[in-house]
Each structure stands twice: as C-alpha cells, then as structure tokens.
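A.B. asks: I have a structure I would like to understand better, so I am pasting it below and will then ask my questions one at a time.
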Amino acid sequence: MTTGTMTLTPARILLVFLLAIATSAALTAQTLVEDTPTHIRTTDRRLLRLLRDGVRASDTFRQLVDRLQRSDVVVYLECGVGDRTGDGRLTFVSAVGGYRYVHVRVARLASANVQIALIGHELRHAVEIADAPGVVDASSLVREYERIGFLSPRLTLGVSFDSSAAVEAGYQVLRDLSGKDPSQLPTPNLQLPTAVY
C-alpha cells in the first residue's frame, strides 16, 4: 500500500470497473455457503474449496469468517502468482453504500494447509479493518496500521504493514489444521509464506 493522493490511472479505473461488474453480478461469484450472501467472495473454485476446508477444520479460521459475516467489510479473494512483495496482499478498494471493499490476493501454494493459513492471515487483516470503522480509504488504512501494526520489511515497492495478530492467526490456523503440538510447527516468519498489507 502506498501513501499519498489517489490518481486515476488506467489500472485503477480498470479495478473500479471490475469491482462494479463483480458487485452487480454477485450471484455469479461462488460463496462459502451456496445461496447465502457472504462477505468473502471468489470466483476461483480451488479457493472456494480451501475456504470451506478452513471453516470446517479450523476454529480460528471459522471465527474470522464469522466475524467478517457480521461486518461491513466485503473481501474479494483471488489467487495470483507470488511476486517479490510476498505471497499475500490486502488492498483497500473502496467504501460505498455502507460497505467497505478489500481485495485479497494470495499466491497459489502447493500445500493446502499452508494456503489456508495464509488466507487466514489475510482474513485477520480484514477483521482488523472491520474492527476499525474509521478505515475508509488507503490513507486511513495506513494510519490504522501505524497504530496497530508494524512496517513489513519484505516489501520492495511502496509502504507495507503487517500485524502481530495476523501473524499469530496464520500460525494458529496452521496448528488447527495440522493437529500437531505447536512446538512441532515452524516459528513465525520462518517457514510460512510472507504476507504484506
């Protein structure tokens, strides 16, 4: 996330256009529970399966989803190719019509459990936004993460933040899914893919 004023670039215009199409055609996006509106939306069948697996197998993941369901935050989730900025990224899109929209992009990972943990990490950031009603644009998101988070050292372009709560949420989801003793799992920031916000 970068700071400063927002200029209308062709990429941002395209993003707003795609968001308008996505919200007007919300029925085409698959949801966690068929025929039930959800605050986590994706058109990727693999991600939908991973979301369902996470809800079924991890209390932590289920609590994050439940909290978002009761919020004004709508998450658009997609898979992308991992890049130098990390394996996960949340971007604030817009606040309109009583809802706040965020876009979460996660890299496609070979391990389903690690992928679900990474999604859980990103959903924790969406919950942090849900818990902060003053976050209504990129600038207020930066101010919130200056307050609750820390600068992420892994980003090469722009300013990026993370939070201890999101790091812990990702590892707790991984512990839930693995059924292992926490001492048998990697320590934070060593083996779980990186995520930036």
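The values are calculated or read from the model by the stated rules, or taken from the named source; none is laboratory data. Here the structure is a predicted model, which is why all the values come from computation and not from measurement. A quick note on method: Cβ atoms are made from the backbone with ideal geometry, for glycine too, and the neighbour counts reach across all protein chains shown.
A.B. asks: Would you point out the residue of segment 175-197, among those that are surrounded by 12 or more Cβ atoms within 10 Å (Cβ to Cβ), out of contact with any Lys or Arg (no Cβ under 9 Å at 6 or more places or on another chain) and hydrophobic (A, V, I, L, M, F, W, C), that is modelled with the highest pLDDT?
C.D. replies: Leu177
A.B. asks: Mind telling me which of the residues Thr91, Thr43 ends up being surrounded by fewer than 21 Cβ atoms within 10 Å (Cβ to Cβ) and over 20 Å from Ala166 (Cβ atoms)? Before you say what the answer is, go through the steps one by one.
C.D. replies: Values: Thr91 fails: over 20 Å from Ala166 (Cβ atoms).
Every option except Thr43 fails the conditions.
A.B. asks: Can you tell me how many residues in segment 99-122 are surrounded by fewer than 18 Cβ atoms within 10 Å (Cβ to Cβ), outside any strand (DSSP E or B) and modelled with pLDDT of 95 or more?
C.D. replies: 0
A.B. asks: Follow-up. How about segment 123-144: which of its residues are surrounded by 15 or more Cβ atoms within 10 Å (Cβ to Cβ) and closer than 25 Å to Ser58 by Cβ?
C.D. replies: Scanning segment 123-144 gives Leu123, Arg124, His125, Ala126, Val127, Glu128, Ile129, Ala130, Ala132.
A.B. asks: Looking at segment 3-17, is at least one residue at pLDDT below 95, closer than 30 Å to Gly179 by Cβ, exposed (fewer than 15 other Cβ atoms within 10 Å of the Cβ) and of a type in the set (Lys, Arg)?
C.D. replies: Applying the first criterion (at pLDDT below 95) to segment 3-17 yields 3-17.
So of that shortlist, the ones also closer than 30 Å to Gly179 by Cβ come out as none.
No, segment 3-17 contains no residue that is at pLDDT below 95, closer than 30 Å to Gly179 by Cβ, exposed (fewer than 15 other Cβ atoms within 10 Å of the Cβ) and of a type in the set (Lys, Arg).
A.B. asks: Can you list residue pairs whose Cβ atoms sit under 7 Å apart, with the first residue in segment 91-110 being in contact (Cβ under 8 Å) with a residue 40 or more places away in the chain and the second being of a type in the set (Lys, Arg) and surrounded by fewer than 21 Cβ atoms within 10 Å (Cβ to Cβ)? Count only pairs 6 or more apart in sequence or on different chains.
C.D. replies: Every condition considered, no pair remains.
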